[in-house]
Each structure stands twice: as structure tokens, then as C-alpha cells.
Amino acid sequence: MAKRGRKNKAHINKQLWDRANSTDRAKWRSKSQKGYDFYLDEQLTMDEEKNLEESGMPSFTINRILPIIEIMKYFVTANSPRWKAVGATGDDTDVAQVHSDISDYCWHLSNGNSIYGQVVLDSLVKGVGYFLVDVDRDADHGKGEVVFKRIDPYDVFVDPASRDFLFRDAGFIMIKKNCSKTQLKNLFPQHAAKINKITAHSEYSSTFTQRDLESSKVIQPEDISDTYTPEAEEDQIVPYYENYSKIKVPFVNAFIRIPLTEEQEQQLQQSVDVQLQEFSAEMEVQLQEKILSIQQSLEAGEIIPERAELETQKAQQEMQMAIEQKQQELMSQAQEEMTRVEQVVMRKEEFDNMMKTEQFEESVVDFVNFFETRIKLVCSVGDDVFLYEYELPITEYPIVPIPYLYSGTPYPMSAVMPLVGKQQEINKAHQIMVHNANLASNLRWLYEEGSVDEEQWEQYSSSPGALLKYRQGFQPPTPVLPAPINNAFYTITQEGKADAEYISGVPSAMMGFTQQQSETYRGLLANDEFGTRRLKSWMSTVVEPCLEQLGKCFQMVAQKHYTIDKVFRIVQPEAGQEAQEDKEVRVNIPIFNDYGAAIGKWMDYETSKFDVRIVAGATLPLNRWALLEEYFRWFQAGLIDDIAMIAETDIRNKKQLVERKSLYSQLQSQLQSMEEAIKDKDGTIETLSRQLVQAGIKQKVNEAGNEIRKEVVNTEGQQKLLRQMMQGEVAMAKKDLAREVKTAVKEAKMDAKKDFDNNKEE
């Protein structure tokens, strides 16, 4: 039954391919191939080229399509697409920034610019281009890398019922390749015997192209029909199918009470004890510090002994209460850990099997059934050889299209198809004009039979200055002049060129060919703006939404693949700037507890939630001159400095120039600072000088005052001495006067006694 089931899966792949490879797709493939041929200058069918040669007309072509397509491709792919990730929550912001760096890393790892150019070219010339987001599991020494790939549109078969321009509603998307048996056996050695029994299969482009493969100017993949083994033996080609389809997978969102093991309980209890001891020790230190503060206040006399004893008891009680509260808190946390409920998402089948055990059933608190979209990949070879099937952990197809002109079906029209008719018109007009000029340069002659030597005339009739003889008796040969060419052919060629530009929306000015130059530079910028509006419309409505879908697909694949600790080394310059230094980005960094056990991840890339958006206009070319003019206006307005101006120019060695200019600016700034400091010091010196002058004047005033005070003191001293001398003299005069008075009184008394004595004797 297993073998039959596998055979049925391979048979289903073949049936789906037959359905997708319908008449409608064959019609689209034929028209798409014709456009591709015209782009490659394969513009004449075998019959057309044969008819031109038989009529003597030139079979050249003037390819007006190739330069138009090339300039369109350049405009769309001038810069690398850039995606911006926005975190759903604050915790996801850092991871979102990391995702932007990872997308740049994988893009450059895959040579994304080259792949992007090929996909856009497929869209322009074939109608649609395809990206594939895949995982190279052998890269990085077996760790694997997410890569971007390009798929040939002719190898992709989409469900014809799809009506979404991104083919998101398709029932299936299949990739069918023609591979050699040897290649398949090397890839799938376990199926080598089955692969050998497959009937050889060939499918060439002759079914879809009008060109002659033998005289074709360009070798296309479909032209290579034979492959060889390493032993130089011819190998057989067999069809290989990769079928992607969307399926609904049942899931269960269960809320489960997770019990702890005995060892985990012991570790938890030990952790609680350690935390409680550390907290108690900290509280004891705080208590001792507070008691010491109380004792110091007591010794200083700030508080009385009764207050000191009361505050000490209060501090001891607060410490005990804090320890008890902390213990309750730790025990509560431990209890929550022992009885925690986790949300677990698992497949319905796995959940049902686990529910059969009594222990798991008792731990389930609640659960919800739901469905998720998954991408299923089934690979097979031939009609009945099943190789493998795999369920991709993503919800969108990893195949992302970029259509040019979406028609509501999986068969978009290319940019070349509207130009095919005008290209044929231009080719025809030029062929007729050249043929007419050739006829005018090589005249045909009308002559009587026998009048000329035909061999001589055929040899020399076109030689300049040749003398040609004719026989006498006959009329001389007369030239048969071609009819003058109609001026309409010149008009057709000129209008054909203008019409091609009008149809494509790519004017000559966009390609650098202008006959009428605008008078002003702003006029050139206006012409560039108006001339690119159709391309910008296609980019904003088709290309950028497709790139955004590509970014979302990459996000889903990358988050499911990069689940281990990984370091990304990134070098990604900003637009218009030189390369930055290497930058390292690390995700899924393990977090360990005190016992060395991993308890989680920091920068958990897999579980983070964020939205991815394409940066609008990121791939558009930059108008360097317009940008420089804008920067120059900003520089003149003083909004930016000269270093920022130089950084945006195309001057050689601008990095060194910016560094020197920056160093010069730094030195100049330092010099200005020093000059300002000198000015400040000069001002200080001037102020000090004034102060010194003022101090000198004050000193002189003080000295004069001191002199005055000295003279006053001296004067006062002299006056005091004079007063003392006068006082001495007065005292001496008083003494002399008293002495004289005393002497006079004594003499008077002596005279009176003498008179008394005399009188008494008498």
C-alpha cells in the first residue's frame, strides 16, 4: 500500500503538470518566446529570411527593443531592495533591527543583485520573473543558510485557476525541469534503480519558437538537447517535478500545568534559601549601620537614652518584618514556578497521542483546536517515481512572481510584445530603403540582344569610370533607373522610433539621446521625472508589492531555520556611500542560570514577532546631479557643513579627503577654542591690569593718607610735646610764683614780727 501510495503521489504530480501545461499556457509560451527572441535580435523567421534573400533584399534588423529593455531593467534594479522590520512589541524592536541585517546578509550571500536583475529581465521579456526562497543545508559547515534563487519562468507551472497577481490563491505551483538520469541518481542514490527504468523524455523549444535553430544568432537553453556523463557518454533526459501546494494542518493550542522534577524542586528550594540568606545579611548590615547612627546621635546629645532604645527596638522589628516579607515573596514565586501553566502549540495528532496518558491529561487546563496553513512539497521523477515529500513550516509559497502586465491569469504579457509589430515595421522600412539604395548604386541595363558582350558588361558595368563597348548597328544600352523611394519610408523609420519610445514609456532622453536639449537644468530634471512615471507606476503597484511578499517569505523561512546561536558578519553600505566597517550581529544567545543550565534565549529570533515592509523607492536610481544640487543649496543655506557635502560627491579618494577635512575642521575648532581662550585670558589680563591700576591708585592714596596721617601724628606729637613743655613752664612759673609769694609772705611776716618786736621794746 505504501508503494502504491507513493506511485499515486507521483502520478498526481504528472496529472497536475498536464493540467497546468494547457493550450492556454502553450499559447502564452509561444508569444513569450517570440518576445524573448526579438529581444535577442532573433526577429526574422526562417521563411522571412529565405524570401528576402531570394528577392535580393538585405536580411538585417535594427534592434530597437534591446536598448529599451536594458534601460528599463537598469531603472528598476539600480539599487538593492531594502526591507524594514518593525517589532510588534517593545521587546521585539531589537530583533526586528537584527532581521533587517540578516536579510542584507542573505541577499548578498546569494548575489541578490544579479538574481534581481535576471528576474526583472524575465518579467520584461518573458512576462513574469520568479524568485525562490530556499535553504542551502550544506552551507556554513552543515548549519545551512537561507538563500535567494531565480527560477526560469518556462520551468514554472501555476494553477490556471489562480487570479491573484502574486499567485497566493493558487492550488499548486509546480517547477518542472528536464534533468539527466545521471544527475538525478547522484542526487537521489536510493532511487537509482527506479530512475534507470524511466523512459527518456525530451522537450525542446522548437514547439514554441519560429526561429531556425541552425542559423540562430543566440544559443538558448532549449537548443541544448544532449547531455553527457562524466564518462563522456550520452545521457538521457527525464522530467523532474517539484510540486508546492497549500494544505490545512490541524493544531492544538493547549494550556498545560508543567510540574517540576525532584531535581528542579531541590534547585528551586536551594535558590530560595540562597536569596533569603543574602537578603538577611544585607538587612543585618543595614541594622548595624542604623544602630551605629543612633549611638552617635546619643553620644552627641541629640537624643535622650530612652529615644535611642526605642529607635533601636523599632529598627530590629522592621528588619524582622522585611525578612519575613521577603521569605513569603520568595516562597510565593517558588510556588508559582512549581505550579506554572504554559501555553503550548502542537499538532493535533501529537496532542491526541499525549492525551492517552493519564499524567498529561491531568496537567491540561484547557485547549483550543485550530488550523494553520502549511506548504507541502512533493518531488517525483517521470510518471510514477516518487522521491520525497516535505512539509515546509511556512504559510506562503516560497515562489514569488514579478509580472509585467498582469492579465488576471498566470500568463502575464511582457514589455516586448507591444513592440514586436513596430519593430517589424522598422525592419521592413530599413530593408526597403537599403535595397533601393543598392539598386541605385548597381543599375540594370536594357539592351538589344547581341548588342553587348554580356560577360564584359556584368563584370565592369558597376566600376567607376568604366568604358563599355556595344556593337555598331544596335541601339546603345539604356539604364533602367529604380523608382524613387517614397518619402513615407523615411517618415516610417522616424515615427517608428518615436512610437517604440511612446509604447514602452522610455523616451530617448532617458537613454541619454536627446536632439533638443532643455534650456535649463531644471528642465532636464522635469523631463526625467515625467519620462519615468510609467516605470515608477509599475514599480509602486507591482514590483514593490512583490518584493514585500518576498521579504515576508524570507522572514518565515529565516525564523524557522536560524534557531541556534549564530553570528552574522555584515558589510552593507548605505545608498550612495562607501562601505562601512564589518559589523557582527548575533541571535539566539543562550541564557544560563547560576547552576549552568540554559533557561532561555536572548535575542530569540525564532519567537519574535515583527512586520516586514519594503522601503519604497529603494531600488530606484539616484539622480546624482539633482541630489548634489539639493545638497549644495543646503550647504549654501548653512543646513549642512562642507564635510557632508563632500561625502555625497563622486570625488576620488573622498574618504581620505573627508578624513583630512574632518581633521582640519577639528584642528580649526581647537584653534578657535584656543583663540577664544586667549581672548578670555586677554580680557582677564586687561581686567587684572585695570584692577592693578586701580590697586596702584589706591596704594598711592593710601600712601598719601599714610603720609598725611604720619604728618598729623607728628604734628599731634609736636603739639603734645609743646603742650607738655608749656604745661611744664606754667608749672614752673606757678612754682616760682608760689615760691615768690611764699618768700614775700615770709618776708612780710618777718617784717611784721620785726615791727612787733620793735614796738614791744618801745
- Note on the structure: Within the range 392-426, the residues whose backbone N lies under 20 Å from a label point placed 7 Å from the Cα of Asp212 along the Cα-to-Cβ direction are 424
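Thinking of the range 29-152 as a set of Cα atoms, what percent of all their pairs are more than 25 Å apart?
Value for the range 29-152 (Cα pairs over 25 Å): 49 percent.
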- Expressed in angstrom and ordered largest first, the alpha-carbon extents of the range 71-134 along the principal axes are 45, 21, 18
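Please arrange Met539, Met331 by how many other C-beta atoms lie within 10 Å of their C-beta, fewest to most.
Ascending number of Cβ neighbours within 10 Å: Met331, Met539.
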- Query: Taking other Cβ within 10 Å of each residue's Cβ, how do Trp538, Trp17 sort, fewest first?
  - Reply: Trp17, Trp538
- Please report how far the C-alpha centroid of the range 278-301 lies from that of the range 109-135, rounded to the nearest whole angstrom. 75 Å
- How much length, in nm to one decimal, is gained on full extension between His141 and Gln666, taken as 0.36 nm per residue of separation minus their Cα-Cα distance? 184.3 nm
- Query: If each of Gln118 and Glu53 carries a label point 7 Å out from its Cα toward its Cβ, how far apart are those two points in nm?
  - Reply: 3.5 nm
- Task: List, in order, the whole-Hz ³J(HN,Hα) value for each residue of the range 112-124 obtained from phi through the Karplus relation with A = 6.51, B = -1.76, C = 1.60 and θ = phi - 60°; use x for Gly and Pro.
- Result: x, 4, 5, 5, 4, x, 5, 5, 5, 4, 4, 5, 6
- Query: How are the Cα pair distances of the range 252-369 distributed, in percent, across 10 Å bins from 0?
  - Reply: 12, 25, 18, 16, 12, 9, 6, 2, 0
- Note on the structure: Per the rule of 0.36 nm per residue minus the C-alpha distance, extending Glu349 to Asn186 adds in nm 55.1 nm
- Message: Under a crude label model (7 Å from the Cα following the beta-carbon direction), how far is Tyr390 from Arg586 in nanometres?
- Response: 3.0 nm
- Taking the dipole about the Cα centre of the range 252-369, with the C-beta of Lys and Arg at +1 and of Asp and Glu at -1, give me whichever of Gln288, Asn353, Leu268 is farthest to the positive side. Asn353
- Query: Scaled to the compact-protein estimate 2.2 N^0.38 Å, what is the alpha-carbon radius of gyration of the range 95-217, rounded to two decimal places?
  - Reply: 1.35
- Query: Between Asp366 and Gln333, what FRET efficiency comes out of the Förster formula 1/(1 + (r/R0)^6) with R0 = 35 Å and r the beta carbon distance, rounded to 0.05?
  - Reply: 0.90
- Any idea what the relative contact order of the range 372-442 is, in percent, if you count C-alpha pairs under 8 Å spaced at least 6 apart? 18 percent
- Projected label distance in nm at Ile432 and Asp565, using a 7 Å step from Cα toward the beta-carbon: 7.8 nm
- Query: Expressed in nm², what is the orientationally averaged projection area of the convex hull enclosing the Cα positions of the range 25-71?
  - Reply: 3.9 nm²
- Note on the structure: If each K or R counts +1 and each D or E counts -1, the residues other than Asn353 whose Cβ falls under 14 Å of its Cβ total -2
- Query: Arranged by the count of other C-beta atoms within 10 angstrom, fewest first, what order do Arg211, Arg29, Arg471 take?
  - Reply: Arg471, Arg29, Arg211
- Query: What's the extension gain from Asn486 to Ala78 if we count 0.36 nm per residue and subtract their Cα-Cα distance?
  - Reply: 142.6 nm
- Note on the structure: Between Lys609 and Glu70, the FRET efficiency computed from the C-beta separation at R0 = 41 Å comes out, to the nearest 0.05, as 0.45
- Query: How many percent of all Cα-Cα pairs in the range 312-411 sit more than 20 Å apart?
  - Reply: 73 percent
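Where a number appears in this text, it was derived from the coordinates with a stated rule and is not lab data. Quick caveat: nothing in here was measured; it's all calculated off a predicted structure. With ideal geometry, Cβ positions are generated from the backbone for all residues, glycine too; neighbour counts draw on all protein chains shown.
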